[in-house]
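Beneath this line is the structure, given in structure tokens, with notes to follow.
Any read-out appearing in this document is the output of simple, stated calculations on the displayed coordinates, not a laboratory observation. Being a predicted model, the structure only gives us computed values, none of them experimental. Quick reminder, even Gly has a Cβ in these numbers, built from the backbone with ideal geometry, and neighbours come from all protein chains shown.
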Amino acid sequence: MFKKSLFYIILILALGAVSCNHYQKLLKSQDSELKYEKAIEYYEKGDYYRALQLFDAILPVYRGTEKAEELYFDYAYAYYHEGEHIMASYYFKRFYNNYPRSKNAEEAAFMAAYCKYLDSPRYSLDQANTYEAINEFQLFINRYPRSERAKEATAYIDELRKKLQDKDYNIANLYFKMEDYRAAIVSYKNLLKDYPDTEYKEEILYRIIKAYYEYAMKSIQEKQKERYESAVSAYLDFVSLYPESKYFNEVQKMRDKVKEKLGIETIEKEIQ
């Protein structure tokens, strides 16, 4: 039994060595037509690594010919299947720029964006690829507004914008926890400006009040009045939108303390 298993192992290794040797000879061959046929064969079998090496060898040869369009499209997809999303996006984009009237141009435009989407990291990391993916999806929608995939592209944009929102939200919260209230206020306000329908709106408005209040408390006397008044303004915005908020009792306590600092008449006048 052991000898039989060993025989099969040796046979498999030998066949692999022969195949590898044959492939190396193919790469060195000057027969472009044979390389083309084998590249397509490897691609269709799912051996994208070998297909890519052959594509690299023959693309310059077939540039400007009828076969070039199919080769470039398969080339981009080979990178996609290999998980090389940045390279795939680059070649999909080149494809639809070079062949805008191709039957595959729309798909290539979508895939250029989708590959960027796949390479978008978690929100805590640098989001350069996320911004690029959003731009690519928007270009796709602008170019193919009636496409069946336009709705899909819009959904991906929403998902990516949520990631950017979460990153900005966590940065603002970090400033708040570090008691850098000025930076926190600016960050929270920018969040509301960039994402007016954010699910965090109630909490953000509450934290703006608290940040202004704490900022005023820690300020020099000459700056306190202005910052307490900003807390009052933020309070009024908050209670008008969320009169039954879970934070209501806490913001009322801050309001009462601000009354003591500014004087009852001042704040009552503001509320009226």
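Relative contact order of the chain, please, whole-number percent, based on alpha carbon pairs below 8 angstrom and at least 6 residues apart.
This gives 8 percent for the chain.
How are the alpha carbon pair distances in segment 62-187 distributed across 5 Å bins from zero to the largest one, expressed in percent?
2, 11, 18, 17, 16, 11, 8, 6, 5, 3, 2, 1, 0
Would you mind checking the pairs LYS193/LYS218; LYS167/LYS246; LYS116/LYS151; LYS35/LYS93 and listing those with alpha carbons more than 20 angstrom apart?
LYS193/LYS218; LYS167/LYS246; LYS35/LYS93
Give me the percent relative contact order of segment 197-247, please, defined on Cα pairs under 8 angstrom at least 6 residues apart.
In percent, rounded to a whole number, it is 42.
Near TYR42, within a Cβ-to-Cβ distance under 14 Å, what is the net charge of the other residues, with Lys and Arg +1 and Asp and Glu -1?
Net charge around TYR42: -3.
Starting from 0 in steps of 10 Å, tell me what percent of the Cα-Cα pairs of the chain lands in each bin.
Percent of pairs per bin, in order: 6, 19, 18, 14, 13, 11, 9, 6, 3, 0.
Only helices at least 27 Å long along their own axis, judged from Cα atoms, and with Kyte-Doolittle mean hydropathy of -0.5 or greater: name those in the chain from DSSP H.
For the chain, where a helix must reach 27 Å along its axis and average at least -0.5, the hits are 2-28.
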